[in-house]
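Participant: Submitted below is the structure of interest, expressed as structure tokens.
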Amino acid sequence: MPRGKSLDGVFDYKKLISFRREKKITQSELADRIGASVSTLSKIEKGGRSPGMSLNKLICIVLDVPEDTFIIKNVPPKPELAAPIQDTQLSRIEVQLDRMERKTDRIEMIVRSIQNENIVLRQELLKRK
């Protein structure tokens with residue numbers, strides 16, 4: 001069967017299997033009714049191939065369901081893998097991390113100092129009472 005237009009979304013092959021079994025239709029019977037090979041239908045049901053608009057329409061007619069039954073719309077794109085980090089980039093990252101750690105250490109020292117000052121002030125207040 002020639003390939004036609006692609007679907008506007010992702011084909012839900014698990015849903016196809018579920019509906020086909022619910023209607024008690026074998027792969028062979030469905031393939032025969034839609035004019036496709038069992039091999040093609042098997043690939044579709046394993047998620048290895050999308051049926052295209054015309055084949056999807058035939059599947060939906062045979063299973064007596066709306067044409068958009070097996071189409072998942074608005075699927076987020078797969079994220080692209082980041083390029084490997086180069087040695088020069090690693091050096092810069094290490095330097096930045098070192099700076100951040102030093103800043104964090106300074107902030108922690110300031111926080112401890114404020115906490116200590118707070119303790120001293122509380123003690124003085126308690127003495128005055």
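Any read-out appearing in this document is the output of simple, stated calculations on the displayed coordinates, not a laboratory observation. Since we're looking at a predicted model, the values are computed, not measured. Counting neighbours? That spans all protein chains shown, and the Cβs are built from the backbone with ideal geometry, glycine included.
Participant: For the pair residue 123/residue 94, report the inter-label distance in nm, with labels modelled 7 Å from Cα in the Cβ direction.
Facilitator: 4.4
Participant: Name the residues whose placed amide hydrogens come within less than 5 Å of the amide hydrogen of residue 71, ignoring near sequence neighbours (fewer than 5 apart) on the same chain.
Facilitator: 12
Participant: What is the diffusion coefficient of the chain in µm²/s, taking the Kirkwood radius over Cα pairs and the Stokes-Einstein relation at 25 °C with a viscosity of 0.890 mPa s?
Facilitator: 120
Participant: For segment 21-129, what is the charge dipole size about the Cα centre, in debye to the nearest 20, if Lys and Arg each add +1 at the Cβ and Asp and Glu each add -1 at the Cβ?
Facilitator: Using Cβ point charges on Lys, Arg, Asp and Glu, segment 21-129 gives about 560 debye.
Participant: Among the aspartates and glutamates, which fall within straight-line cross-link reach of residue 57, defined as a Cα-Cα distance under 16 Å, with same-chain neighbours fewer than 8 residues apart omitted?
Facilitator: Partners found: 8, 12, 32, 45, 67, 68.
Participant: Right, here's the next one. What distance in nm separates the simple spin-label points at residue 115 and residue 62, each placed 7 Å from Cα in the Cβ direction?
Facilitator: 7.0
Participant: Here are some pairs, 15/43; 43/73; 23/43; which of them have Cα atoms lying more than 18 Å apart in this structure?
Facilitator: 43/73; 23/43
Participant: Return the single residue from 64, 12, 87 with maximal mean-square fluctuation; model: Gaussian network over the chain, springs between Cα atoms under 10 Å.
Facilitator: 87
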